[in-house]
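Visitor: The structure follows.
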Amino acid sequence: MKPILPILAALFVFSLNAPAGDIRRQPLKDLNGYFPFNPPASLSDWNVRKEYVRRQILVAEGLWPMPAKTPLNAVIHGKVDGGEFTIEKVYFESAPGFFVTGNLYRPKNIKGKVPAVMYAHGHSENARFSLKPEDLVRAEIADGRERFESAGRSTYQSMSRQLARMGCVVWQWDMLSDSDSIQIPRELVHRFARQRPEMNTTENWGLFSPQAESHLQSIMASASARCSTTAIPCSCPAERSISTCPA
């Protein structure tokens, strides 16, 4: 603790002497303010903003500079033939001894580069295994929320299947404590029943896995051209056991 005190003191002195235009001297923002988004006017301006936002996120997450990479030890098994696509079970180590689990959907007859999509399911419990009751599915079809019973029974799997039919490689992974990801119990992940400070230190980098992120395309399909994320945005650590893959 003692070595960091001089650094904090220096930062405090620097903030006091910050120029008038420094953002830290501006009034604090709240939900009642007006903050319009002014999109960049050109592609070059967009690229500048992209790098700024990317660096801002990395710094805010404590991931700049990036931690060292460790072996993924990925295992892909249990292939299921879905007609136009295949489904496989996957697990790999995002940190040594800690496993990320999920399903990998790949279209058949891949030619050239194809898009890759990471599907985060949000906070739904046992989302990858969930099946809606038949009466609920029929009610959703009746009021227009669903069109087909087969798709309505499992929203998460049906979206992945449809993306695979459209030619995308889809990686649908489990949130911490959900479905096959049971190394850490739900009570700890979501209810803060007992804090685990040793799992969120600058030395161990918590459960974030830069190597899982940077090598995700090679796990999903060596032919992937672009990688994006879909489904429910989530800022909690349970979803961030793996994050967005770079394009």
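The values are calculated or read from the model by the stated rules, or taken from the named source; none is laboratory data. Worth saying up front: this structure is predicted, and the values here are computed from it rather than measured. Reconstructed Cβ throughout: ideal geometry from the backbone, glycine too, with neighbour counts over all protein chains shown.
Visitor: Inside segment 20-55, can you point out the residues that are part of a helix (DSSP H, G or I) and either in contact with a Leu (Cβ under 8 Å, 6 or more places away or on another chain) or modelled with pLDDT under 90 (or both)?
Guide: Within segment 20-55, the subset part of a helix (DSSP H, G or I) is 23-25, 43-55.
Passing the criteria: I23, R24, R25.
Visitor: Right, something else. Can you tell me which residue among A151, A116 is hydrophobic (A, V, I, L, M, F, W, C) and either farther than 30 Å from E51 by Cβ or in a loop (DSSP other than H, G, I, E, B) (or both)? Steps first, answer last, please.
Guide: Values: A116 fails: either farther than 30 Å from E51 by Cβ or in a loop (DSSP other than H, G, I, E, B) (or both).
On inspection, the qualifying residue turns out to be A151.
Visitor: Can you tell me which residue within segment 74-112, out of those that are in contact (Cβ under 8 Å) with a residue 40 or more places away in the chain and outside any strand (DSSP E or B), is nearest to the chain's Cα centre (by Cα)?
Guide: Going through the qualifying residues, I end up with A74.
Visitor: Since I76 meets every condition but one in (1) in contact with a Phe, Trp or Tyr (Cβ under 6 Å, 6 or more places away or on another chain); (2) at pLDDT 90 or above, which condition does it not meet?
Guide: Result: I76 fails condition (1) only.
Visitor: A follow-up question, please. Conditions: (1) in contact with a Lys or Arg (Cβ under 6 Å, 6 or more places away or on another chain); (2) surrounded by 15 or more Cβ atoms within 10 Å (Cβ to Cβ); (3) within 16 Å of S179 (Cβ to Cβ). L131 meets all but one. Number of the miss?
Guide: Evaluating L131 over (1) in contact with a Lys or Arg (Cβ under 6 Å, 6 or more places away or on another chain); (2) surrounded by 15 or more Cβ atoms within 10 Å (Cβ to Cβ); (3) within 16 Å of S179 (Cβ to Cβ) leaves (2) as the failure.
Visitor: Condition first: in the same structural domain as S177 (by TED's automatic domain parsing), farther than 16 Å from M159 by Cα and at pLDDT 90 or above. Can you find one or more residues in segment 113-128 that meet it?
Guide: No, segment 113-128 contains no residue that is in the same structural domain as S177 (by TED's automatic domain parsing), farther than 16 Å from M159 by Cα and at pLDDT 90 or above.
Visitor: Here's a check for you: in segment 115-146, which residue that is of a type in the set (A, V, I, L, M, F, W, C) and over 22 Å from V75 (Cα atoms) is farthest from the chain's Cα centre (by Cα)?
Guide: Step one: list which residues in segment 115-146 are of a type in the set (A, V, I, L, M, F, W, C), which gives 116-118, 120, 127, 129, 131, 136-137, 139, 141-142.
Now drop any that are not over 22 Å from V75 (Cα atoms), which leaves 131, 136-137, 139, 141-142.
Working: L131: 23, L136: 29, V137: 28, A139: 32, I141: 30, A142: 33 Å.
The residue in question is A142.
Visitor: Has segment 144-162 got any residue that is closer than 10 Å to N103 by Cβ, in the same structural domain as I110 (by TED's automatic domain parsing), buried (at least 20 other Cβ atoms within 10 Å of the Cβ) and in contact with a strand residue (DSSP E or B) (Cβ under 6 Å, 6 or more places away or on another chain)?
Guide: Yes; the residues of segment 144-162 include at least one that is closer than 10 Å to N103 by Cβ, in the same structural domain as I110 (by TED's automatic domain parsing), buried (at least 20 other Cβ atoms within 10 Å of the Cβ) and in contact with a strand residue (DSSP E or B) (Cβ under 6 Å, 6 or more places away or on another chain).
Visitor: Let me ask something else. From (1) within 24 Å of the chain's Cα centre (by Cα); (2) touching a residue at least 24 places away in the same chain (Cβ under 8 Å), pick out the condition that doesn't hold for Q162.
Guide: (2)
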